[in-house]
Amino acid sequence: MTSHAVLGWCAGALLAIASASATAASPPVPPVVYPRLSEESAACNECHREQTPAIVRQWGDSGHFRANVGCYECHASSPSSPGSFAHNGFTVHVIVTPNDCARCHEQEAAEFRASRHARAAEILGSQDNVLAEVVEGNTAFLGGSALLASGCRQCHGSTVRVGTDGRPTPDTWPNTGMGRINLDGSRGSCAACHQRHTFSAAQARVPDTCGKCHLGPDHPQKEIYEESKHGISYAASAQRINIDRPKWVVGEDYSVGPTCATCHMSAASGRKATHNVGERISWNNRPEVSLRADLADLKLGLPDPIPWEKRRAAMKDVCQACHAPAFVEGFYTQYDALVALYAEKFGVPGKAIVEALKKGGLAGDTQFAQKIDWTWFELWHHEGRRARHGAAMQGPDYTHWHGLYEVAKAFYSEFIPEAQALVAKGLAAGGEKAAAAGKVGTLIDATLAGDDHRWYLGRMTPEEKAERARQREEFNRRYVTKSDPQR
Amino acid sequence: MTSHAVLGWCAGALLAIASASATAASPPVPPVVYPRLSEESAACNECHREQTPAIVRQWGDSGHFRANVGCYECHASSPSSPGSFAHNGFTVHVIVTPNDCARCHEQEAAEFRASRHARAAEILGSQDNVLAEVVEGNTAFLGGSALLASGCRQCHGSTVRVGTDGRPTPDTWPNTGMGRINLDGSRGSCAACHQRHTFSAAQARVPDTCGKCHLGPDHPQKEIYEESKHGISYAASAQRINIDRPKWVVGEDYSVGPTCATCHMSAASGRKATHNVGERISWNNRPEVSLRADLADLKLGLPDPIPWEKRRAAMKDVCQACHAPAFVEGFYTQYDALVALYAEKFGVPGKAIVEALKKGGLAGDTQFAQKIDWTWFELWHHEGRRARHGAAMQGPDYTHWHGLYEVAKAFYSEFIPEAQALVAKGLAAGGEKAAAAGKVGTLIDATLAGDDHRWYLGRMTPEEKAERARQREEFNRRYVTKSDPQR
Amino acid sequence: MTSHAVLGWCAGALLAIASASATAASPPVPPVVYPRLSEESAACNECHREQTPAIVRQWGDSGHFRANVGCYECHASSPSSPGSFAHNGFTVHVIVTPNDCARCHEQEAAEFRASRHARAAEILGSQDNVLAEVVEGNTAFLGGSALLASGCRQCHGSTVRVGTDGRPTPDTWPNTGMGRINLDGSRGSCAACHQRHTFSAAQARVPDTCGKCHLGPDHPQKEIYEESKHGISYAASAQRINIDRPKWVVGEDYSVGPTCATCHMSAASGRKATHNVGERISWNNRPEVSLRADLADLKLGLPDPIPWEKRRAAMKDVCQACHAPAFVEGFYTQYDALVALYAEKFGVPGKAIVEALKKGGLAGDTQFAQKIDWTWFELWHHEGRRARHGAAMQGPDYTHWHGLYEVAKAFYSEFIPEAQALVAKGLAAGGEKAAAAGKVGTLIDATLAGDDHRWYLGRMTPEEKAERARQREEFNRRYVTKSDPQR
């Protein structure tokens, strides 16, 4: 490392501390500016502008270029550092880690370290890893599952290893997963959002960047956002939200087109930007039954999590840039009610039935070797989450059609019949199994006899039946024509 | 209400009438311009620019700002008006309704009132309400289903109620559903499309705005549009269609990138813009079997619907900005043929079988308590619509893979076997059920023996079989390799 | 044809040859420039600017306008030419074919002719045509299936026919399918990508244009791209990639936001643009088990296909504009490993089981009349492709959740049980069927007993079981709370 670089890093650290105490309203100061490009970085450019021209051009458009932060300032390494290698007279590493970035951007790195994002690689667990490693995978790719490399770890992050050549092994890199566990022990990849060599804040603020991972059957946040009023506003006004501005405060620098970053990370009047993406999230909708966000963080081993009430208050601060308090309160009342509906009607009783089946030895002990394992997994992990996320972010199609509609369909037309079939099989087996099956059968019957489910047994009250008949009649009058349906 | 406001509203009404008679080609005149911002609105701004800064900035970018139409001009209320409340010395209502907007924009409000959009809250019926209220929901949220608030009503509209505090209850608001039934008896929410405080025409013209509701498994119009040549053109040229222009006539103000609004609502040479979104739609593809649009409107209680032939002629006027007549005729021939194929092969016979099963007491009388209820519902309500909408808007993937492919798969691999199983169960039950089951069995057999379905029974003619064998042979020669499949 | 036009076409041919030898770095020369608009085209405009105003405006914004290439230069025909008709004193054809375009753009037409795109109409075969013609369709639309016109052929291309009026029949046109077989015997439709009358290169470069066909359950390339880092970069920087430039070389004219065209068709340093879209593709992931691209081309009848190794090298040239060699090698290692995993664990054994069932007469001989036909078809044609395409284009959600997760779920919870049920049915039938069933049963058992599948039989080793238990325990500690699930 040259003395130039060391000097710069110290200056950077000081400036980073300075900027950490700036208010949301003051324009951010670049954390470090070098007087000129280092000789080492100039040497890198000499070849790379021919060999990888777009990388050099990306850098040329970046804030790093303007601050004389070049290739060497980030890729410099020492020979004793794992993953370092000699390269045309320099010692470099290919993977830049949060530790490297933190030399200038310490505040952001610290916020990130306190977030669930930093633990993304550790979230791969239990069912998910069985799926990837055993059910979908095998051990043919350097002893592990090829699916991990091209699938799971591209979002969650790999645990980087080096091969005998001292370079990252291809099963662990290329990888920019959010929770990557790096050779220097740090967690994360800043390039997950600030991708490649533009290191752009604007890139991290567009919703598509979050959609790299937050999409799909199990948590379609991107799709929900696109359906929501927020996403619609962005679609109509992406060119007018000054997304390139260093200072980017909603209500000051833009007033339409909120992106994911606006609500979850960026500054609002009286509220600072944060790299802890959970700082304003009050429900964790991941598990079978939603948890308050602080409890979920605690279980993940995050130290000293922010209480959920403070997180909700923080989000409300942001909401109120655009929405009056009654609107915000009303929204949260609706959202909480939907979380409760899912839990009470499907999440809690479904979980109880599955646990009773497993405990009674009625549903096998190899996960995913029985149909009901898939049914229940999708019910909560895919469909039940979609309903809750849909309500959280105002995408009604996801709350209903992709959400509770699918939950209810799976519950009544698959889950309950499959559970009843396992009970019947258990009863037929006699002995201990029959005893266990009897108990589960009683549990299922009690569940279905409750107010939430008795319609399924045909036990609506006469009043309820009359109301349904009245509605059906009115509906049919409008839509159904007996003769000549196509006119 | 101040005299200033009253004066403005009268002027607005006059100007609205004047603008109603303007031709499509003449640039629209703002319906009302006040000489200055009212004192009341100035007082609102005083606080709100601090409290809800983005709202005030949105308004500051709006046409309303330029016309001195401020907070008070729209939110003013009288103490006797339901939902009104005292607020810092003023009487206001939080929900602005089409009646409020119509004081200046009467023509648009009248067109909207004549449209299906205005009846969106009443379309929630029969199966859909059973789903939301009974199957998916319960009564834990102020006596109703939390799903209604976060799901159905966010598109269809709530029936707004006020609580004991005189404010809208959280189960009915926040809500900007298209057919919202307001406290003043009006139907609709102009903010469904002209959202928040920019009141922007451009916002309403972007396809994403329509995609707030017109997406998803049951009517993926947004997705179909995005696949279509129309959507592709928009994706490549959204910046070049002058979407912000007050006058926005296809062929005059832009010639590429048609949006939903272009074809369904906006002006073309010799055709005026309309807020009746059904004015150019000739098929209603909602039911099991498509209906002509005027018949469907009649059933919904819309007075004096426009004949479907006139609607089709109106759409053709728009098509011909970009397409010669032979192209347009050819398209409609293809579309009608697809609607007929779906109806003849699947819609009509499927409906007959379901009705016979229900009439014979063979399929239960609690909707959605049997698997076949879900199967048939998705077949027509999701898959059959996707096929028809795909053909309507030229998204071949939706016509085929998401459409008729799914219809056929469900029909042959689920619907028919499930119906046959119910027949078998009925026959086994003996008595009246057996008699009914015999009749349904005969109906199913006759259906399958027809030309559309006999392939399923293995009854292709020798010529047909030879043709299939020839095609399979040719295909296999191209694609299948016996040895060393990965080379 | 006027002498003016003939002269122009000859000049065009010469210029096209000249431009063919230009290097990627030199700005392209328009292949032909007429000194003035022909009298014939001027006459066309006279009416069409009133009748179809947007077409004329599109043309007015085009390079063709600037080169005085008007309506007549492309639509002129001779009376003996099929599909030609008299139109206000001129003989014209409505469908412009690659032969017409090739008069000025010979190089592009030749590249296209050598590509799979040119054979897209012939790819419709076997299962797909049975689906469209027999399973989903009937013969009610001019003797064929309405689904072909609105579905399959809109991407694959129709075989254009003319009716007794000499005009294209509506079952074969409007159509701009990629492999359209034209009346002049040529294959293709340049308007598939360069749509309508702007004839724009930029239009063909936006990813949405490819997404007209490359989307959906069977090959969601557009969706995968949108999730990928490449698509995310485009979403953030579409306005900064100079997509309108005639010369468009990655690393020279832009350095972020690669589109489909960037990697598959457009120029990079030292690599020319091509209209052969397969020139850089090394795997063909279409079939049950992936094939090397040259072998796949050979089977499609394409003469003298480029070896797959050369194609991969060509793609790597493009990758290296933005990525260092180790990154590119690592990516390909990951991709190849995923292709191998799918093949070894699911593709090869699944195919063997299906073929054994069919050969033994155990699964019917009418395709799609048995459930297992749908199960297996979706397993490889939809889900298995998604996994492979996801890995190819770095969309982890498609590799895993939409891909191998769905493959595994279908394999274990549907395909194997359905195959076992057919075996059981065959055994019960006795005779030859029972003998055949015995053999298939043995094959299934052997497959399941292998290392990739024995977990399903509960035959994990004690070490494997302990590892799973450990992971599940750790996971549960983080996520599952016994009491007060909602806190």
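The values are calculated or read from the model by the stated rules, or taken from the named source; none is laboratory data. Since the structure is predicted, the reported quantities are computational estimates derived from the model, not experimental observations. When we count neighbours, we look across all protein chains shown, and the Cβ atoms used for this are built from the backbone with ideal geometry, even at glycine.
Yes/no matrix, rows are residues, columns are (1) buried (at least 21 other Cβ atoms within 10 Å of the Cβ); (2) closer than 24 Å to A:His275 by Cα:
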| site | (1), (2) |
| --- | --- |
| A:Cys152 | yes, yes |
| A:Cys155 | yes, yes |
| A:Gly163 | no, no |
| A:Pro170 | yes, no |
| A:Asn175 | yes, yes |
| A:Cys193 | yes, yes |
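The number of residues in segment B:120-131 being more than 7 Å from chain A (Cβ to nearest Cβ) and small (Gly, Ala, Ser) comes to 2. Within segment B:153-164, is even one residue assigned to a loop (DSSP other than H, G, I, E, B), farther than 22 Å from B:Ala109 by Cβ and facing chain A (nearest Cβ under 7 Å)? Taking every residue of segment B:153-164 in turn, none turns out to be assigned to a loop (DSSP other than H, G, I, E, B), farther than 22 Å from B:Ala109 by Cβ and facing chain A (nearest Cβ under 7 Å).
Among the residues of segment B:166-200, write down those that are β-branched (Val, Ile, Thr) and in contact with a Lys or Arg (Cβ under 8 Å, 6 or more places away or on another chain). Answer for segment B:166-200, where residues must be β-branched (Val, Ile, Thr) and in contact with a Lys or Arg (Cβ under 8 Å, 6 or more places away or on another chain): B:Thr169, B:Thr172, B:Thr176, B:Ile181. The single condition from (1) in a helix (DSSP H, G or I); (2) within 14 Å of another protein chain (Cβ to nearest Cβ); (3) surrounded by fewer than 18 Cβ atoms within 10 Å (Cβ to Cβ) that C:Ser413 fails is (3). For segment B:33-68, a residue qualifies if it is outside any helix (DSSP H, G or I) and within 14 Å of chain A (Cβ to nearest Cβ), and the qualifying residues are B:Thr52, B:Asp61, B:Ser62.
Residues of segment C:100-143 that are free of Cβ contacts under 8 Å to residues at least 40 places away in the same chain and acidic (Asp, Glu): C:Asp100, C:Asp128, C:Glu133, C:Glu136. For C:Gly143, the conditions (1) within 14 Å of chain B (Cβ to nearest Cβ); (2) more than 24 Å from B:Ser228 (Cβ to Cβ); (3) surrounded by fewer than 20 Cβ atoms within 10 Å (Cβ to Cβ); (4) touching a Phe, Trp or Tyr at 6+ places or on another chain (Cβ under 8 Å) are fulfilled apart from (4).
When segment C:205-215 is limited to residues that are at the interface with chain B (Cβ under 9 Å from one of its Cβ atoms) and in a loop (DSSP other than H, G, I, E, B), the one that is nearest to the chain's Cα centre (by Cα) turns out to be C:Cys213. Contact map, segment C:393-408: first residue closer than 12 Å to A:Ala149 by Cα, second residue in a helix (DSSP H, G or I) and β-branched (Val, Ile, Thr), Cβ cut-off under 7 Å, separation 6 or more or different chains; pairs are C:Gly395/C:Ile224. As a summary of the residue check, B:Leu341 satisfies the conditions (1) without any contact (Cβ under 8 Å) to a residue 24 or more places away in the chain; (2) buried (at least 20 other Cβ atoms within 10 Å of the Cβ); (3) within 13 Å of chain C (Cβ to nearest Cβ) except for the one numbered (1). Scanning segment A:424-442 for residues that are under 16 Å from A:Pro349 (Cα atoms) and out of contact with any Leu (no Cβ under 7 Å at 6 or more places or on another chain) yields A:Lys439, A:Gly441, A:Thr442. Any residue at all in segment C:452-466 that is modelled with pLDDT of 95 or more, outside any helix (DSSP H, G or I) and on the phi > 0 side of the Ramachandran plot? The answer is no, given that none of the residues of segment C:452-466 is modelled with pLDDT of 95 or more, outside any helix (DSSP H, G or I) and on the phi > 0 side of the Ramachandran plot. Scanning segment B:89-117 for residues that are over 22 Å from B:His197 (Cβ atoms) and among the basic types (Lys, Arg) gives B:Arg113, B:Arg116.
Checked against the criterion of being under 16 Å from the mean Cα position of the chain (by Cα) and either surrounded by fewer than 21 Cβ atoms within 10 Å (Cβ to Cβ) or within 14 Å of chain A (Cβ to nearest Cβ) (or both), segment C:304-313 has no qualifying residue.
Of all residues in segment B:435-476, those satisfying the criterion of being surrounded by 17 or more Cβ atoms within 10 Å (Cβ to Cβ) and of a type in the set (Gly, Ala, Ser) are B:Ala436, B:Ala437, B:Gly441. Inside segment A:216-247, residues that are touching a residue at least 12 places away in the same chain (Cβ under 8 Å), part of a loop (DSSP other than H, G, I, E, B) and more than 7 Å from every other protein chain (Cβ to nearest Cβ) make up a count of 9.
Does C:Ala202 satisfy being of a type outside the set (S, T, N, Q) and either within 13 Å of another protein chain (Cβ to nearest Cβ) or closer than 23 Å to B:Arg477 by Cα (or both)?
Taking the combined requirement at face value, the residue satisfies it.
Would you please name the residue that is surrounded by the fewest Cβ atoms within 10 Å (Cβ to Cβ), looking only at residues in segment B:8-55 that are of a type in the set (Val, Ile, Thr) and modelled with pLDDT under 50? Within segment B:8-55, the match that is surrounded by the fewest Cβ atoms within 10 Å (Cβ to Cβ) is B:Thr23.
Results for (1) free of Cβ contacts under 8 Å to residues at least 24 places away in the same chain; (2) in contact with a Phe, Trp or Tyr (Cβ under 8 Å, 6 or more places away or on another chain), shown as yes or no for each residue.
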{"position": "B:Trp283", "(1), (2)": "no, yes"}
{"position": "B:Glu288", "(1), (2)": "no, yes"}
{"position": "B:Lys299", "(1), (2)": "yes, yes"}
{"position": "B:Pro307", "(1), (2)": "yes, no"}
{"position": "B:Ala313", "(1), (2)": "yes, no"}
{"position": "B:Ala326", "(1), (2)": "yes, no"}
{"position": "B:Phe331", "(1), (2)": "no, no"}
{"position": "B:Ala337", "(1), (2)": "yes, yes"}
{"position": "B:Lys345", "(1), (2)": "no, no"}
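Every listed requirement among (1) buried (at least 22 other Cβ atoms within 10 Å of the Cβ); (2) in a helix (DSSP H, G or I); (3) under 22 Å from the mean Cα position of the chain (by Cα) is met by B:Val134 save one, (3). When the residues of segment A:178-195 are filtered to those that are in contact with a Phe, Trp or Tyr (Cβ under 9 Å, 6 or more places away or on another chain) and part of a loop (DSSP other than H, G, I, E, B), the one that is nearest to A:Cys155 (Cα to Cα) is A:Arg180.
Just one residue in the set C:Val407, C:Val423 is among the β-branched types (Val, Ile, Thr) and at the interface with chain A (Cβ under 10 Å from one of its Cβ atoms); that residue is C:Val407.
Within segment B:315-324, being at the interface with chain C (Cβ under 7 Å from one of its Cβ atoms) and touching a residue at least 60 places away in the same chain (Cβ under 8 Å) holds for B:Ala321, B:Cys322. The set of residues from segment B:153-186 being among the basic types (Lys, Arg) and more than 27 Å from A:Tyr398 (Cα to Cα) comprises just one member, B:Arg167.
Going through (1) assigned to a strand (DSSP E or B); (2) modelled with pLDDT under 75; (3) not hydroxyl-bearing (Ser, Thr, Tyr) one by one, A:Val92 falls short only on (2). If you check C:Ala120 against the conditions, is it out of contact with any strand residue (DSSP E or B) (no Cβ under 9 Å at 6 or more places or on another chain) and closer than 25 Å to C:Gly179 by Cβ? No: the conditions fail for C:Ala120. Mind listing whichever residues of segment C:351-391 are assigned to a helix (DSSP H, G or I), more than 9 Å from every other protein chain (Cβ to nearest Cβ) and aliphatic (A, V, I, L, M)? Within segment C:351-391, C:Ala352, C:Ile353, C:Val354, C:Ala356, C:Leu357, C:Ile372, C:Leu379 meet the criteria.
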